Amino acid sequence: MFGAGAMTNSIPEIRDADLLFVIGSNTTEAHPIIAMEMKRAVQRGARLIVADPRKIWLSEVADLHLQLRPGTDVWLLNAIAHVILAEGLEDRAFIAAHTERFEDVRAAVADYTPEGAEAVTGVPAEHIRQAARLYATTKKAGIYYTLGITEHTHGTDNVYCLANLVLMTGHLGVRSAGMNPLRGQNNVQGANDAGASPIYYPGYQKVSDPASRAKFEAAWGVPLSPDEGMNLNVMMKAMERGEIKGLFVMGEDIVLSEPNVSLVEEGLNQVEFLVVQDIFLNETCRFADVVLPAACFAEKDGVFTNTDRRVQRVRKAVEPPGQARADWEILCDLARAAGYPMPHYESPAEIYAELSSLVPNYGGISHARIDAEGGLQWPCPSPDHPGTATLHQGGPIKGRASFQAVAYRPSDELPDEDYPLVLSTGRTLYHYNAATQTRRDSGPTMKQPESFVEVHPSDARRLSLEDGEWVRVSSRRGEVGARVVVTRKMRPGCIWMPLHFAEERVNRLTNDAGDSVTGTGEYKVCAARIHKDALRAAK
Amino acid sequence: MPITVHIDGQPALAEPGETVLDVARRVGADVPTLCHDPRLEPAGACRSCLVEIVGQRRLQPACAFRATDGMQVTTDSERVRRHRQVLMSLYLADQALDDDGLPPETIDGNQLRALALRSGPLLDLPPVQAPRQARPHDDNPYVGFDPDRCILCARCVRYCDEVEAVSAITLSERGAHTTIGTNGMVGLKDTTCELCGGCIATCPTGAMYEKKAPRLLAEPVQKVRSTCNFCGVGCQVDLNVSGGRVVKVTSPPPGQTVNDGNLCVKGRFAYDFIHHEDRLTEPLVRGPDGQLHPTTWPDALQRAAQGLRRVEKKWGSRALGFVSSSRCTGEENYLVQKLARAAFGTNNCHQCAAT
């Protein structure tokens with residue numbers, strides 16, 4: 001957006017913020033330690049605006065809770081922009097100096113009145129006005145978001161809307177402000193940075209750019225394909241169509257974590273060859289031709305890059321079990337077995353040195369430096385560079401940042417007579433994704449032993465559901481069981497389920513319609529219904 | 001405007017609003033504390049940091065007393081030493097002691113024991129039979145509480161209020177019965193507790209302890225600094241290793257890393273997967289019977305490479321896909337995309353979190 005795909009600011013800056021705008025992030029559950037920083041800011045007197053369809057923990061201590069209908073983020077955010085512009089609260093100097101196409105957005109949001117937004121989003125117009133005024137008139141105002149923004153078919157649009165707010169208020173390049181996607185996994189940032197992407201080499205250098213391609217061809221000594229690859233969402237569909245015939249999967253249980261998993265399973269039945277590399281015999285291994293046992297994080301060296309672009313060390317503390325080996329060792333041997341002369345790296349430090357030599361922004365980062373100084377935040381172009389806590393100080397990295405006019409599009413699948421409820425899915429505090437790790441520990445299992453579905457009391461009454469009753473939840477793609485939790489946390493008409501439980505895989509239900517740019521699946525909105533479990537009731 | 005404070009006769013610059021303890025520690029004065037945690041509001045509860053300040057009739061707690069310009073502080077005098085001696089004697093009279101007559105050592109280091117050891121000969125006070133109670137039926141799997149080791153400094157309670165902000169535990173009962181309780185003395189799993197374990201980490205005496213970790217080992221644990229493998233915050237952890245196993249996970253001290261001494265339930269406690277019996281320990285290949293069978297590394301690697309090559313020959317490199325992982329290291333992600341691009345000629349390479 002502004003020239004770097006990452007948090008613009010840093011975690012330690014959060015406690016000094018004067019306003020936090022948290023949208024699509026249940027921070028206390030998904031990023032508990034960042035939530036502690038937010039709590040500290042609020043205790044200090046910072047104002048807090050939470051936009052979330054559920055009454056999450058943070059909404060209880062928020063100044064404003066904008067409890068929007070799932071999937072109506074664009075309407076809400078455009079209406080906030082509308083108020084800022086209608087009341088003249090924009091930062092004209094910043095807009096003139098650092099941005100372009102502002103007028104596009106002014107025109108685009110003209111019709112998004114707070115009253116119109118109230119009708120679509122369910123958020124009172126007055127709350128939208130208050131949020132707009134608070135956000136625009138506070139200097140140290142930071143936006144924090146995560147998958148509640150991105151896991152939609154209009155996820156990229158949502159991000160554009162947030163960026164528009166940041167740009168029109170000049171909340172960029174300022175400590176404790178900015179635009180901050182909270183990365184969900186330990187090394188999402190680092191995996192993207194390292195080039196695990198169909199369109200980018202390491203460091204976001206485009207595969208379609210001949211100069212970048214020439215650079216990597218020279219470094220790796222082979223000609224490289226100029227064609228952009230498939231993203232994961234497209235890959236899964238191509239597999240089902242028979243266009244992907246061979247798959248290598250490292251450290252992910254795609255049968256649990258991808259949307260519409262029934263289709264993924266059909267695809268895996270068709271592939272001719274599947275290699276899985278993991279620490280457990282996960283569900284995807286059922287389809288594998290070869291399973292390679294890997295070391296976990298405590299058994300190997302390397303780096304993870306966290307959500308604020310901080311490259312930090314992972315250190316080997318214990319030996320892997322049996323014959324399991326570190327992923328990096330396996331990958332090198334696999335490449336050589338396939339006839340590619342992968343260098344004989346002595347250690348991950350050498351691999352990192354190769355990576356950083358190819359990416360100017362990481363050029364100053366090395367294992368030796370991290371060992372001596374602690375984590376380093378990119379950009380860090382040279383060994384004497386201290387790293388960068390706050391991006392875009394002195395203007396956006398890419399020169400002028402562009403506003404993006406966005407029009408509201410409804411979610412791909414809306415509730416109807418057959419499937420009258422809106423289902424959203426997500427993570428809880430006690431488990432982690434496919435839960436192959438957390439379900440092997442007693443605490444999470446005690447707190448949350450089995451899958452559940454959160455239902456508003458009015459829906460529960462209408463459907464004659466009891467709190468604690470075991471029910472079936474279904475969508476057009478499948479059906480799973482879950483225990484009913486009746487709670488006012490939900491909006492009427494909306495239900496919510498965790499993604500963690502292998503025996504009741506909620507991704508049988510979710511919609512695999514992907515965002516047009518990123519391919520991210522619409523995990524946050526699909527049409528569903530709940531019915532009684534006749535079989536269980538009979539038992 | 002900086003102010004000047006004299007610590008044991010040495011002038012030191014300080015910012016207005018800093019406490020005497022902040023300044024004293026910065027210039028290297030050795031002021032002991034038990035109830036102090038830089039993440040919490042000063043409580044002045046444990047009295048171990050009392051110092052002499054010119055113009056103050058009584059000794060004052062350095063942790064809670066604000067420094068002012070020209071202040072003269074003495075951190076180590078006969079009066080201060082005598083105070084500590086009496087204080088330690090009182091504390092120990094109210095503690096379960098080991099064979100050395102000291103508060104028992106713990107895996108994380110018992111700060112009360114350390115302070116008692118350096119406080120000189122203690123007074124011979126009759127033991128107090130404190131009737132403090134633990135919660136009788138708390139079957140939560142992680143957080144234990146041993147009232148005999150508690151000094152009621154309330155660091156745990158204040159952490160739960162001020163940092164984790166869930167207020168699950170509280171000082172309850174009155175007088176000699178005062179203890180760390182919950183509302184109605186129910187178990188932690190029936191409270192707002194999120195099992196972050198911050199109470200264990202901040203406890204100076206090991207009264208709050210991790211149930212599934214050893215409370216003390218014959219050999220000191222080896223701490224290996226690493227990065228938590230759950231969410232994207234990047235908390236720094238110390239893997240506590242003993243006998244080739246991770247026996248506990250702790251945070252580096254507050255103020256040093258992005259997590260400021262904090263961890264959540266997953267980072268602190270969900271480490272059992274590391275040594276779990278379900279871990280894969282040998283390469284497997286699918287046999288003619290349709291089942292997975294153990295094999296050697298060379299065989300597994302050969303089959304994996306040949307299988308992928310076969311698909312490439314038959315269908316072209318566009319028919320191959322490589323799914324990397326945001327759970328793995330940066331180096332490993334680099335290698336997967338290099339494997340896909342350089343070894344197999346395809347850009348069909350992505351990872352699980354396309355966000």
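The values are calculated or read from the model by the stated rules, or taken from the named source; none is laboratory data. Everything numeric here is computed off the predicted structure, so don't read it as measured data. Neighbour counts run over all protein chains shown; Cβ positions are idealised from the backbone, glycine included. Just the protein is used for accessible areas: all its heavy atoms, side chains included, with ligands, DNA and RNA removed. Shrake-Rupley method; radii C 1.70, N 1.55, O 1.52, S 1.80 Å.
What to note about this one:
- Qualifying residue in the stretch A:120-136 (condition: surrounded by fewer than 19 Cβ atoms within 10 Å (Cβ to Cβ) and within 14 Å of another protein chain (Cβ to nearest Cβ)): no
- Here A:Leu134 meets the list (1) in contact with a strand residue (DSSP E or B) (Cβ under 9 Å, 6 or more places away or on another chain); (2) assigned to a loop (DSSP other than H, G, I, E, B); (3) touching a residue at least 60 places away in the same chain (Cβ under 8 Å) almost entirely, failing just condition (2).
Yes/no matrix, rows are residues, columns are (1) facing chain B (nearest Cβ under 8 Å); (2) in contact with a Phe, Trp or Tyr (Cβ under 9 Å, 6 or more places away or on another chain):
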position	(1), (2)
A:Leu274	no, yes
A:Gln277	no, yes
A:Glu283	no, no
A:Val290	yes, yes
A:Ala298	yes, yes
A:Gly302	yes, yes
A:Gln312	yes, yes
A:Pro321	yes, no
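- A:Val517 vs. criteria in a loop (DSSP other than H, G, I, E, B), of a type in the set (A, V, I, L, M) and at pLDDT below 95: yes
- B:Ala62 falls short on exactly one of the conditions (1) within 30 Å of B:Met1 (Cβ to Cβ); (2) open to solvent by 20 Å² or more (accessible area, probe 1.4 Å), and that condition is (2).
- Of all the residues in the stretch B:287-317, those that are among the hydroxyl-bearing types (Ser, Thr, Tyr) and facing chain A (nearest Cβ under 8 Å) number 1.
- Within the stretch A:506-522, tally of residues that are in contact with a Leu (Cβ under 7 Å, 6 or more places away or on another chain) and crowded, with 23+ Cβ neighbours inside 10 Å: 4
- Failed criterion for A:Ala6 (all others in (1) part of a loop (DSSP other than H, G, I, E, B); (2) within 11 Å of chain B (Cβ to nearest Cβ); (3) in contact with a strand residue (DSSP E or B) (Cβ under 7 Å, 6 or more places away or on another chain) hold): (3)
- Considering A:Arg129, A:Arg213, the condition of being under 30 Å from A:Lys245 (Cβ atoms) and outside any loop (DSSP other than H, G, I, E, B) is satisfied by A:Arg213 alone.
- Restricting A:Ser382, A:Ser411, A:Ser458, A:Ser474 to those that are in contact (Cβ under 8 Å) with a residue 60 or more places away in the chain, hydroxyl-bearing (Ser, Thr, Tyr) and away from chain B (no Cβ under 14 Å) reduces the list to A:Ser411.
- Criterion violated by A:Ala97 - all others in (1) among the aliphatic types (A, V, I, L, M); (2) touching a Gly at 6+ places or on another chain (Cβ under 8 Å); (3) buried (at least 19 other Cβ atoms within 10 Å of the Cβ) satisfied: (3)
- In the stretch A:362-387, the residues that are open to solvent by 70 Å² or more (accessible area, probe 1.4 Å) and polar (S, T, N, Q): none
- Of everything in the stretch B:129-153 that is over 26 Å from B:Lys248 (Cβ atoms) and surrounded by 13 or more Cβ atoms within 10 Å (Cβ to Cβ), the residue that is farthest from the chain's Cα centre (by Cα) is B:Ala130.
- Test: residue in the stretch B:214-236 that is facing chain A (nearest Cβ under 10 Å), surrounded by fewer than 22 Cβ atoms within 10 Å (Cβ to Cβ), part of a loop (DSSP other than H, G, I, E, B) and over 15 Å from the mean Cα position of the chain (by Cα): no
- Taken as a whole, the condition of being out of contact with any Gly (no Cβ under 6 Å at 6 or more places or on another chain), acidic (Asp, Glu) and not assigned by TED's automatic domain parsing to the domain that holds B:Asp8 does not apply to B:Asp76.
- Note on the stretch B:237-355: enclosed strands (runs of 3 or more DSSP E) holding 3 or more residues that are buried (at least 24 other Cβ atoms within 10 Å of the Cβ) are B:320-324, B:349-351.
Residues are listed down the side, and each one gets a yes or a no for (1) under 24 Å from B:Arg310 (Cβ atoms); (2) at the interface with chain B (Cβ under 10 Å from one of its Cβ atoms):
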site: A:Ser212; (1), (2): no, no
site: A:Phe216; (1), (2): no, yes
site: A:Val222; (1), (2): yes, yes
site: A:Asp227; (1), (2): yes, yes
site: A:Asn231; (1), (2): no, yes
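- Count of residues meeting criterion [within 14 Å of chain A (Cβ to nearest Cβ) and open to solvent by less than 20 Å² (accessible area, probe 1.4 Å)] in the stretch B:201-213: 3
- Strands (runs of 3 or more DSSP E) lying entirely in the stretch A:383-485 (those with 1 or more residues that are within 18 Å of B:Lys266 (Cα to Cα)): A:421-426
- Any hit, the stretch A:1-20, residues being buried (at least 21 other Cβ atoms within 10 Å of the Cβ), among the aromatic types (Phe, Trp, Tyr) and within 30 Å of A:Pro415 (Cβ to Cβ): no
- Comparison of A:Gly190, A:Gly195 shows that the only residue that is assigned to a loop (DSSP other than H, G, I, E, B), within 13 Å of chain B (Cβ to nearest Cβ) and open to solvent by less than 10 Å² (accessible area, probe 1.4 Å) is A:Gly195.
- Boolean, A:Val42 is farther than 30 Å from B:Tyr159 by Cβ and not assigned by TED's automatic domain parsing to the domain that holds A:Gln377: no
- Listed by first and then second residue, the pairs with beta-carbon distance under 7 Å, at least 6 apart or on different chains, first residue in the stretch A:331-354 and more than 7 Å from every other protein chain (Cβ to nearest Cβ) and buried (at least 16 other Cβ atoms within 10 Å of the Cβ), second in a helix (DSSP H, G or I) and of a type outside the set (A, V, I, L, M, F, W, C), are A:Met342/A:Arg336; A:Ala349/A:His367.
- Residue within the stretch B:308-316 that is under 43 Å from the mean Cα position of the chain (by Cα) and either under 23 Å from A:Ser357 (Cβ atoms) or not aliphatic (A, V, I, L, M) (or both) present: no
- Filter result for the condition that a residue is more than 30 Å from B:Leu171 (Cβ to Cβ) and free of Cβ contacts under 8 Å to residues at least 60 places away in the same chain, over B:Gly44, B:Gly55: B:Gly55
- Among residues of the stretch A:239-272 being part of a loop (DSSP other than H, G, I, E, B) and at the interface with another protein chain (Cβ under 7 Å from one of its Cβ atoms), the one that is most open to solvent (accessible area, probe 1.4 Å) is A:Glu243.
- Scanning the stretch B:282-304 finds no residues that are touching a residue at least 40 places away in the same chain (Cβ under 8 Å) and of a type in the set (S, T, N, Q).
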